[in-house]
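FYI, it's all coordinate maths here, none of it is from the lab. Quantities reported herein were computed from a predicted structural model and do not represent experimental measurements. Using ideal geometry, Cβ is built from the backbone for each residue, glycine included, and neighbour counts are taken over all protein chains shown.
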Amino acid sequence: MFSKSKINEPGPKAAEPTTSSTATSTTATSATPDFKSTAPKAKPPASILSADLHIKGNLRTTGDIQIEGQVDGDIRAHLLTVGESATVQGEVIADDVVVNGRIVGRVRGLKVRLTSTARVEGDIIHKTIAIESGAHFEGSVQRQDNPLDTSGKSSKSSSGSAASSSSASSSSSND
């Protein structure tokens, strides 16, 4: 039925539906490869280090890490989540750092978040920071435009120091 109407119509009108149907089929075909090309770009799940795992050494990834166990060494990641039962002893460098557990060492991150169960002993160098009520923190806080740059310290910064971020945290910090 569709092809019959194209045959009976004059030339210019017949060309228009052909062009639009070609454009439609081209769009449909190009949409399918675009859809397939976005599928491999899907973010892989975070690597999870379980509570019974104890690592001595440095960790480095461009992906995400969720730590539930203990790490004695430096960590470099895109997103680092330190679980409530986790302990990290070493420097942490990540775009996003979420601390629910304990870190002993320097923390560098574009976005650093200390939850109410966090315990951090060391300096925090950040672009943005959030500290929830109940979090325990001992060290200095320094804002930098590029906190991930470990080579130079010439960026704009403002610093301060804190013994703890809540009154109840200092009594529960020595576990």
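The Kirkwood hydrodynamic radius of the range 47-169, based on inverse pair distances between different Cα atoms, is 14.1 Å.
Quick one: net charge around ALA51, please, counting Lys, Arg +1 and Asp, Glu -1 for every other residue with C-beta under 12 Å from its C-beta. Taking every Cβ under 12 Å from that of ALA51, the sum is -3.
Taking 0.36 nm per residue of separation and subtracting the Cα-Cα distance, full extension of the segment from GLU84 to SER133 would add 16.1 nm. Count Lys and Arg as plus one, Asp and Glu as minus one, and take only other residues whose Cβ is under 10 Å from that of ILE103; the net charge is then +1.
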